[in-house]
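K.L.:
Following this message is one structure expressed as structure tokens.
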Amino acid sequence: MFQTSNALRRSVHSQVTDRVGSSIVRGEIGVGETLPPEMQICEMMDVSRTVVREAIRTLTGKGLIESRPKSGTRVRPPEQWNQLDPDVLRWHLESAEIDRYLAKLFQLRSAVEPAAAALAATHAAEDDIARIRAGCDGMDAAKTNEDFVAADIAFHQAIYFATRNEFFWPIAQMFEITLRQSFTIAATGSHRPRALIEHRAVLDAIVAGDAEAARAATVVLLAHSAHDLVRIRGREFETTSERPGRKR
């Protein structure tokens, strides 16, 4: 009975965290604005004060809000949010305009992933190589789009982990959320044979310990991936850094 009660409370706490957190990310509660008092949130959501306080602690830990004596609980600027937190990523994804979202994702990958592949080529252990190869083999053997996407995500995650640099790992962990949508879109295309060749080229360079070849092969793979998405969606989106002065 005690375990069931705790499980139910966690579920309600998650729902409250979701509702308040997604409202903040969508901009319904603006930066610097104060959240309603605890008792008002309790009444609005029909939950206990304990649940609300747990949700507030969770959102504080994610960097979305801060509580100060006499000034209440206020929304912090997005620059101070934990943008790699799985919940924050999910809230962004649920509210984002898809092409703008894909553009930002490719900006990140284009800046970081070639370097990750180069590091993997010089630091990967045997088990890292095995995971990268398994992802590539899984893509080759996939019979469904879902299996192809899962293997593709595993391939790219394994490269980031193979850097043996823990500062790259959070990017790999976020891919389960962020890459699934773009990979699912791309999986419907007719480019798989070429994509498999390009993934193999990255794998072969990492296995050979050739950092520059791994970097170059990743640049090619990402450029073609961006082109595939543009072709499939029938519209352009900017995949390079925004120019100074451009309206956001």
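The values are calculated or read from the model by the stated rules, or taken from the named source; none is laboratory data. Keep in mind that what you see is a predicted model, and the values were worked out from it rather than measured. Neighbour counts are summed over all protein chains in view; Cβ atoms, including those assigned to glycine, are modelled from backbone coordinates with ideal geometry. All accessible areas refer to the heavy atoms of the entire protein, side chains included, with ligands and DNA or RNA removed. Shrake-Rupley method; radii C 1.70, N 1.55, O 1.52, S 1.80 Å.
K.L.:
Among the residues of region 81-98, write down those that are among the acidic types (D, E) and either assigned by TED's automatic domain parsing to the domain that holds T60 or open to solvent by 60 Å² or more (accessible area, probe 1.4 Å) (or both).
P.N.:
E94, E97
K.L.:
Identify the residue in region 154-204 that is modelled with pLDDT of 95 or more and among the basic types (K, R) and, among all such residues, is farthest from V220 (Cα to Cα).
P.N.:
The extreme case among them is R164.
K.L.:
Just give me the residues in region 120-151 being hydrophobic (A, V, I, L, M, F, W, C) and more than 21 Å from the chain's Cα centre (by Cα), in sequence order.
P.N.:
The answer is A121, A124, A125, I129, A130, A134, A141, A142.
K.L.:
Among the residues of region 54-72, write down those that are charged (D, E, K, R), loosely packed, with under 15 Cβ neighbours inside 10 Å and either in a helix (DSSP H, G or I) or not assigned by TED's automatic domain parsing to the domain that holds S22 (or both).
P.N.:
R57
K.L.:
Would you point out which residue out of W91, W81 is hydrophobic (A, V, I, L, M, F, W, C) and either touching a Pro at 6+ places or on another chain (Cβ under 8 Å) or more than 15 Å from V16 (Cα to Cα) (or both)?
P.N.:
Working: W91 fails: either touching a Pro at 6+ places or on another chain (Cβ under 8 Å) or more than 15 Å from V16 (Cα to Cα) (or both).
Residue meeting the stated conditions: W81.
K.L.:
Residues being charged (D, E, K, R), open to solvent by 30 Å² or more (accessible area, probe 1.4 Å) and free of Cβ contacts under 8 Å to residues at least 40 places away in the same chain: count how many of those fall in region 120-145.
P.N.:
Within region 120-145, residues that are charged (D, E, K, R), open to solvent by 30 Å² or more (accessible area, probe 1.4 Å) and free of Cβ contacts under 8 Å to residues at least 40 places away in the same chain number 5.
K.L.:
Check off (1) out of contact with any Cys (no Cβ under 8 Å at 6 or more places or on another chain); (2) at pLDDT below 95; (3) not aliphatic (A, V, I, L, M) for K62 and give me the number that stays unchecked.
P.N.:
Of everything listed in (1) out of contact with any Cys (no Cβ under 8 Å at 6 or more places or on another chain); (2) at pLDDT below 95; (3) not aliphatic (A, V, I, L, M), K62 misses just condition (2).
K.L.:
Quick one: R180 ticks every box in (1) closer than 30 Å to S22 by Cα; (2) open to solvent by less than 60 Å² (accessible area, probe 1.4 Å) bar one, so which box is it?
P.N.:
All conditions are met except number (2).
K.L.:
Quick one: is A111 open to solvent by 60 Å² or more (accessible area, probe 1.4 Å), aliphatic (A, V, I, L, M) and within 20 Å of the chain's Cα centre (by Cα)?
P.N.:
So A111 passes the test.
K.L.:
Let me ask something else. Search region 1-38 for residues being more than 17 Å from V88 (Cβ to Cβ) and aliphatic (A, V, I, L, M), and hand back the single one that is modelled with the lowest pLDDT.
P.N.:
M1
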